[in-house]
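Structure first, commentary second.
The values are calculated or read from the model by the stated rules, or taken from the named source; none is laboratory data. Computed from a prediction, not measured in an experiment: that's the story for all the values here. So basically every Cβ, Gly included, is an ideal-geometry build from the backbone, and we count neighbours across all protein chains shown. The protein model used for the area step is the full one, side chains on, heavy atoms only, and it has no ligands, DNA or RNA in it. Shrake-Rupley method; radii C 1.70, N 1.55, O 1.52, S 1.80 Å.
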Amino acid sequence: MVGSLIETKFFVPALRRGHVSRPEPLHLLEQAADARLTLVSAPAGFGKSTLLAEWLAGAAAAGRGVAWVSLDDQDRDPAAFLTYVVAALQRVLAGVGAAALELLGSSPVRTEAVLTTLLNELASTSGEVWLVLDDYHLVDGPEIGEAMVFLIDHLPSHVHVVIGTRADPGFPLSRFRARGQLVEVRAADLRFSEREAAAYLAGSGVELTPDDVTALTARTEGWIAALQLAAVSLRGREDASDFVRRFAGDDRYVVDYLIEEVLAHQPEEVRDFLLRTSVLARLSASLCDAALSRSDSDDLLAALERSNLFVVPLDDRREWFRYHQLFADVLRARLLSEQPQEVPLLHDRASRWFEQHDSPHEAIEHAVAGRSFDRAARLMEDAAPSIRRDRQDAVLLGWLGRLPERTVGNSPVLAVFAGYSRMLVGDFEGAEDRFVQAERVLSSVVEGEKAPWRHGVELRTLPATIAVYRASIAQAQGDVERTVLHARSALRLAGPSDHQARGGGAGFLGLAAWARGDVAGALESFSEAVASLHAGGNLVDELTSTVILADLCVAAGRPRRARRLYDEALRVAEEHGAAVARATADLHVGLSELDLEAGNRDAAAGHLQVSSDARGPLGMPESHYRWFVARAALARAEGALSDAIGFLDRAEPLYHGGFFPDVRPIGAMRARIWIAEGDLQAAADWARTRDLSPVDEAEYRREFEHLTLARLLLASGTPGEAVGLLARVRDDAESAGRGGSLLEIRMLQALARRAEGDVPQATALLAEALTSAPEAAGYAQLFLNEGATMADLLRRLAEGGGPGSQVAAQLRRADGSVTPGAAPSHAGVLSERELQVLRLLDTELSGPEIARQLFVSQNTLRSHTKHIFTKLDVGSRRAAVVRGRERGLL
């Protein structure tokens, strides 16, 4: 049922019987190939959708991709709107939009990040594509309007937006006009001429004299809907000329008059069917039978379609239909006027039908429309377990906003999820208020009395769920002690079969241990969490949690176990296909990181590509940034340091803090790249903003930053300061048994001794590092990233033949043709990205404008520009352009 709901959003209207081709407006639309935006704007009933359908049928036949979205007023939420936009594009561009859908599954949704991701994917495609948004006026508003303007401003040249709307959107249309980026089709362009009106009426089976056609065209002003209504009223009438002569008035009165004429001339049974089914957004025979307590809806729907009575088919099987919106609006108004007492009953029956047919969304919609709020709350409570299990929390949170406060407050389950919604946006006080409210309502039931709520799974586990959410808040606030307190409370409150709550409690105990640097304890607790999720059938959570479990293995110095975890999780994910696509994507990112660390760049790149292809809307929103971090690491390994900075810049706004310890801050990753490319001042500025000092005490949550600072001290020529810092960090890592950390620390200690000139001691420390780590070969990239000095130490150790020499030789053989941090062998030759920047430097665009054009930060642009200046041996933008022309680059 859900699948069919989504499918109808992308159904291009079929050309109806009696359709009249419109060569003049079609000619206007042909100009759209040179425009970013085509706007078809006119009041209701001017044939906008039909014209677009005819035009795009020709476009599709010519091999152009047509992505159609039929919008309604339920799509006003930016996340829902953008989800349909991306889904429509995916129907014509395989592989596009997966990353954008992933971001849309997060809360809160960062619209610009979603659109930037989508635009980058669109830019990599070829072939003309038309994104059509029909009935856009139903969703127009500030947030969606801003998103659309951003999208249109940055569209690749082969992608075009087409909007059908009753009112002009809030876009800067004058700017689009001035730039030649806009094609407009207005009501004046859409009005039927006399010739077109005559052809339409004749095709509808209405015979009028030329004078009657002229009169009717003049009085309707070519308004197609009015002509359509008139044609229905004229069928079978012997007084056609008299009808035309009496036909007068402005648009509103004309429509009112024609609706009266149409309804007045229908048999009472048909009229009653039209009115009472108008509460349904879509119609099927079975649904109409249930809502109206009858058994012949199949015949009636077929008769309505044959009569062209404003019924629009939604599928090729003629199973689902809808009314023309203008017609449906009038029918609903008439129903409220004539039979107001029927409306709640009709909605209630529709809600029950959708509930029986496993469509909770529409069941809830009708319950709310019929003001059956308690029933709607019960349906939401029933839907909650499967929604949470499948990680579709955003759906439930959207429903909550439709209920009165009284209804939410009276339902402990819904009050808790209302608190969860506050938690997602960082309103921890508001979340706690909701949790206390739920606890108060639960405790108000006198022992022995029957509670007024359905005793489902969510209600039984609610106290444990509240404890899990409180642990999450404490984790987000960096309060390890309270995280442990609430996580243990969740485990105490959860029953043996309450697997989701037990998984949450054990998971947060593991995260708290990780935050303290107790990797062994974190591994034990988090393994229990994953086992609980598995037992509860929470497959998506189980698979995505495997990523964290593998991270802990790497931190413990056990990358082989991490790989086994990934391989087994991928085997399970492949058995379940698209249902766990988002988890599959996360697993491939993790494998990419392992392969890169082992020195296998090709395999790492392959996993990232598979991840990009597999991404979907489900999964952990807190891991959205990880793909870009992994891509940055690969770029660094390839020597593309500016590109690595760019990927980190794109990752940073996607990071959701608080869900797990930020043990590898993006700022520190960026500083390591600055150090590798020799920009020590930028790295020093970073260290200063982070208040880092060589005399700091060791603390696990700052370990990655302290090791970055040690690299900065070595690069700055002060190895003595690094030695003391590394000794303290090493003691802390040894006491906690963090094997992965110890390998890196000992490696840096070797570099520090080498910088002091003590080569034998440096070689001995490197040997200790390699012999103390059983899986040191799995960290090849860690050594490769340190450049020529480390390469020399590895050579000395390998040639010496002592302890660690075999591992050193293996590390030297690791795949890596460009030593990270060193100038590439093709220095002086601009990369493709640098050529792109150089071409933009040869324009009137300012620096910030160039950065926006490339979707990078100004820091990244400055890095690209610096490398261009170095390679071209120039010192200014103008000189770079001149040199570029001399070399034939421009």
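Kindly establish whether ASP329 is of a type outside the set (Ser, Thr, Tyr) and either touching a strand residue (DSSP E or B) at 6+ places or on another chain (Cβ under 6 Å) or open to solvent by less than 50 Å² (accessible area, probe 1.4 Å) (or both). Spelling it out, it is not the case that ASP329 is of a type outside the set (Ser, Thr, Tyr) and either touching a strand residue (DSSP E or B) at 6+ places or on another chain (Cβ under 6 Å) or open to solvent by less than 50 Å² (accessible area, probe 1.4 Å) (or both). When the residues of the range 182-221 are filtered to those that are assigned to a loop (DSSP other than H, G, I, E, B), under 14 Å from PRO25 (Cα atoms) and not hydrophobic (A, V, I, L, M, F, W, C), which remaining residue is least open to solvent (accessible area, probe 1.4 Å)? Result: SER193. The sole residue among GLU542, GLU524 that is of a type in the set (D, E, K, R), on the phi < 0 side of the Ramachandran plot, open to solvent by 20 Å² or more (accessible area, probe 1.4 Å) and under 25 Å from the mean Cα position of the chain (by Cα) is GLU542. Within the range 587-615, restricting attention to residues that are surrounded by 23 or more Cβ atoms within 10 Å (Cβ to Cβ) and hydroxyl-bearing (Ser, Thr, Tyr), the residue that is modelled with the highest pLDDT is SER592.
Restricting attention to the range 276-296, which residues are open to solvent by 20 Å² or more (accessible area, probe 1.4 Å) and over 17 Å from GLU365 (Cβ atoms)? Scanning the range 276-296 gives ARG276, ALA285, SER286, ASP289, SER293, ARG294, SER295, ASP296. Of all residues in the range 738-758, those satisfying the criterion of being in a loop (DSSP other than H, G, I, E, B) and open to solvent by 50 Å² or more (accessible area, probe 1.4 Å) are GLU756, GLY757, ASP758. If I filter the range 338-367 down to residues being more than 14 Å from VAL279 (Cβ to Cβ) and of a type in the set (S, T, N, Q), which single residue comes out as surrounded by the most Cβ atoms within 10 Å (Cβ to Cβ)? Applying the filter and picking the extreme gives SER359. Where helices (runs of 4 or more DSSP H) sit wholly within the range 1-93, those with at least 3 residues that are at pLDDT below 85 and open to solvent by less than 60 Å² (accessible area, probe 1.4 Å) occupy 2-9, 23-30, 48-61.
Looking only at the range 670-683, decide whether some residue is under 25 Å from the mean Cα position of the chain (by Cα) and open to solvent by 30 Å² or more (accessible area, probe 1.4 Å). There is no residue in the range 670-683 that is under 25 Å from the mean Cα position of the chain (by Cα) and open to solvent by 30 Å² or more (accessible area, probe 1.4 Å).
Residues are listed down the side, and each one gets a yes or a no for (1) surrounded by fewer than 20 Cβ atoms within 10 Å (Cβ to Cβ); (2) assigned to a helix (DSSP H, G or I):
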residue	(1), (2)
ARG688	yes, yes
LEU707	no, yes
LEU714	no, yes
GLY717	yes, no
LEU726	no, yes
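If you check VAL255 against the conditions, is it within 47 Å of the chain's Cα centre (by Cα), at pLDDT below 75 and either of a type in the set (Gly, Ala, Ser) or assigned to a helix (DSSP H, G or I) (or both)? So VAL255 passes the test. When we screen SER157, SER193 for residues that are more than 30 Å from TYR84 (Cα to Cα) and of a type in the set (Ser, Thr, Tyr), the only hit is SER193.
When the range 567-586 is filtered for residues that are surrounded by 24 or more Cβ atoms within 10 Å (Cβ to Cβ) and under 22 Å from ALA520 (Cα atoms), only ALA569 remains. Given the criteria open to solvent by less than 40 Å² (accessible area, probe 1.4 Å), outside any helix (DSSP H, G or I) and out of contact with any Cys (no Cβ under 9 Å at 6 or more places or on another chain), does GLY639 qualify? Judged against the criteria, GLY639 is a match.
Reported count of residues in the range 523-563, each being touching a residue at least 60 places away in the same chain (Cβ under 8 Å), farther than 21 Å from PRO496 by Cα and polar (S, T, N, Q), is 1. Of the residues in the range 133-146, at least one is under 29 Å from GLU305 (Cα atoms) and of a type in the set (D, E, K, R).
Out of (1) open to solvent by less than 30 Å² (accessible area, probe 1.4 Å); (2) modelled with pLDDT of 90 or more, what's the single condition that is false for ALA764? So ALA764 meets the others, but not (1).
With the condition kept exactly as written, say whether any residue in the range 133-153 is in a strand (DSSP E or B) and either at pLDDT below 90 or buried (at least 16 other Cβ atoms within 10 Å of the Cβ) (or both). Yes, the conditions are met somewhere in the range 133-153.
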